[in-house]
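Participant: Pasting a structure below so you can have a look.
The values are calculated or read from the model by the stated rules, or taken from the named source; none is laboratory data. Because the structure is a prediction, the values reported are computed rather than measured. Reconstructed Cβ throughout: ideal geometry from the backbone, glycine too, with neighbour counts over all protein chains shown.
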Amino acid sequence: MIILGIETSCDETAAAVVTGNGEILSSVVSSQVDLHSVYGGVVPEIASRAHIELLIPVVDQALRAGATASGVKGATASGVKGISAEMAVPDVVAATVGPGLAGALLVGASVGKALSLAWGVPFVGVNHLEGHLFAALLDHPDIKFPVAVLLVSGGHTLLMSMDAPGNYRLLGRTVDDAAGEAFDKVARYIGLSYPGGPAIENASRGGDPDSIELPRPMMERGLDFSFSGLKTAVVRAVQAHPEIGTEDVAAAFQKAIVDVLCAKVMRAVVIHGASSVCLAGGVAANSHLREELTEQCDAIGIPCYLPSKEMCTDNAAMIAAAGSWQLEHIGPSSLSISIDPSMPIPML
């Protein structure tokens, strides 16, 4: 089975071709960072318009690359303007239907449904957050369950127990800002570029994480997170010590975030008896977080599964993988399915 995945939940226009057994034949991502960096964040209207312009060419590129990788010489005409006629039609089309920006979701879901209808193949509407969980499964199909999953991105910070694909329990979540959002806002305040996560990580390499004292919010309280107060603490620290360099502030802030994230994950492992730990989401690409969490897992003798950095950020391969599982275990989606910008991840 060949699945075409489509992802347009925010500012990445992505398409991928994945087999039913999880082999990634192609994964194409067109980033909109340059369009949004001047504004210091994603502008929904600009994102939607860019998806409209980019999605069909990105799908075409993914199908071409997928055909080359598989050795399939497609003889079926696509019947869709802008998509190469020599490409073989996939067996399934999976597209993100939520959560995300409403306009951006509409573009991807509409194109996915249209392709499904034109080709006469099933359509599967996929939860973007669940897709991030399948990103780890693509890289680590032998993952050891139950696994404590930390899903950290610009819009979400969730701590979950995954007992099996499709079987999730919420353990903790942010009560205010997501970790990625905190990275973006602090980066902007100290004069770094957007997106804030990579900018702070790069700057922190030359900084002293102990140069300023920052709090570890809710460090000893349960499994929920809070990062809004940490942003305020950075502002006050910089105002009180204007001589502190940008690199030092970045290093201290990054260490504070990572300390909290790792502490909560390891507490969840003990409380809920997880056999392994897994990272997911854009912030999971942060090298300091990856190194620190791996070190702490090694210390107690459990595996820590890290998706490749390409699989951490938004991509369509994870949507295709989640769509493949959903089709097999739940069935196809109706073409009347609506997008849901606030769609929660399905929990037990």
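Participant: Tell me the residue from ALA118, ALA85 that is farther than 18 Å from SER9 by Cβ and modelled with pLDDT under 90, please.
Facilitator: ALA85 is the lone residue from the list that is farther than 18 Å from SER9 by Cβ and modelled with pLDDT under 90.
Participant: Which of the residues that make up the range 29-45 are at pLDDT below 95, of a type in the set (A, V, I, L, M) and within 14 Å of THR13 (Cα to Cα)?
Facilitator: VAL33, LEU35, VAL42
Participant: Something else: Does SER37 satisfy the criteria of being out of contact with any His (no Cβ under 6 Å at 6 or more places or on another chain) and either over 20 Å from MET318 (Cα atoms) or basic (Lys, Arg) (or both)?
Facilitator: Yes.
Participant: Checking the structure you have, find out if any residue of the range 51-65 is buried (at least 18 other Cβ atoms within 10 Å of the Cβ), of a type in the set (Gly, Ala, Ser), more than 19 Å from the chain's Cα centre (by Cα) and farther than 25 Å from PRO195 by Cα.
Facilitator: For the range 51-65, residues buried (at least 18 other Cβ atoms within 10 Å of the Cβ), of a type in the set (Gly, Ala, Ser), more than 19 Å from the chain's Cα centre (by Cα) and farther than 25 Å from PRO195 by Cα: present.
Participant: Here's a follow-up. Taking VAL260, is it out of contact with any helix residue (DSSP H, G or I) (no Cβ under 7 Å at 6 or more places or on another chain), closer than 20 Å to ALA284 by Cα, crowded, with 19+ Cβ neighbours inside 10 Å and not acidic (Asp, Glu)?
Facilitator: When the stated conditions are applied, VAL260 passes them.
Participant: When the residues of the range 227-239 are narrowed to those that are buried (at least 16 other Cβ atoms within 10 Å of the Cβ) and free of Cβ contacts under 8 Å to residues at least 40 places away in the same chain, which ends up nearest to the chain's Cα centre (by Cα)?
Facilitator: The residue in question is ALA233.
Participant: Having 3 or more residues that are under 16 Å from MET347 (Cβ atoms) and touching a Cys at 6+ places or on another chain (Cβ under 8 Å) is the bar; report the strands (runs of 3 or more DSSP E) wholly within the range 121-169 that clear it.
Facilitator: 147-152
Participant: With the condition being of a type in the set (Gly, Ala, Ser) and either farther than 30 Å from GLU7 by Cα or more than 18 Å from the chain's Cα centre (by Cα) (or both), I'd like the helices (runs of 4 or more DSSP H) fully within the range 240-345 carrying at least 3 qualifying residues.
Facilitator: Ranges flagged: 246-272.
Participant: Moving on. Can you pull out the residues in the range 1-38 that are in a strand (DSSP E or B), without any contact (Cβ under 8 Å) to a residue 60 or more places away in the chain and within 14 Å of PHE134 (Cβ to Cβ)?
Facilitator: If the condition is that a residue be in a strand (DSSP E or B), without any contact (Cβ under 8 Å) to a residue 60 or more places away in the chain and within 14 Å of PHE134 (Cβ to Cβ), then THR19 is the only one that fits.
Participant: Could you say whether any residue in the range 168-179 is touching a residue at least 60 places away in the same chain (Cβ under 8 Å), at negative phi and either surrounded by fewer than 15 Cβ atoms within 10 Å (Cβ to Cβ) or not assigned by TED's automatic domain parsing to the domain that holds SER275 (or both)?
Facilitator: Within the range 168-179, one or more residues are touching a residue at least 60 places away in the same chain (Cβ under 8 Å), at negative phi and either surrounded by fewer than 15 Cβ atoms within 10 Å (Cβ to Cβ) or not assigned by TED's automatic domain parsing to the domain that holds SER275 (or both).
Participant: Among the residues of the range 291-348, write down those that are under 20 Å from HIS51 (Cα atoms) and either among the small types (Gly, Ala, Ser) or out of contact with any strand residue (DSSP E or B) (no Cβ under 9 Å at 6 or more places or on another chain) (or both).
Facilitator: ALA316, ALA317, ALA320, SER338, SER342
Participant: Let me ask something else about it. Report, by residue number, each residue of the range 176-200 that is touching a strand residue (DSSP E or B) at 6+ places or on another chain (Cβ under 7 Å) and part of a loop (DSSP other than H, G, I, E, B).
Facilitator: Listed by number, the list holds a single entry, ALA178.
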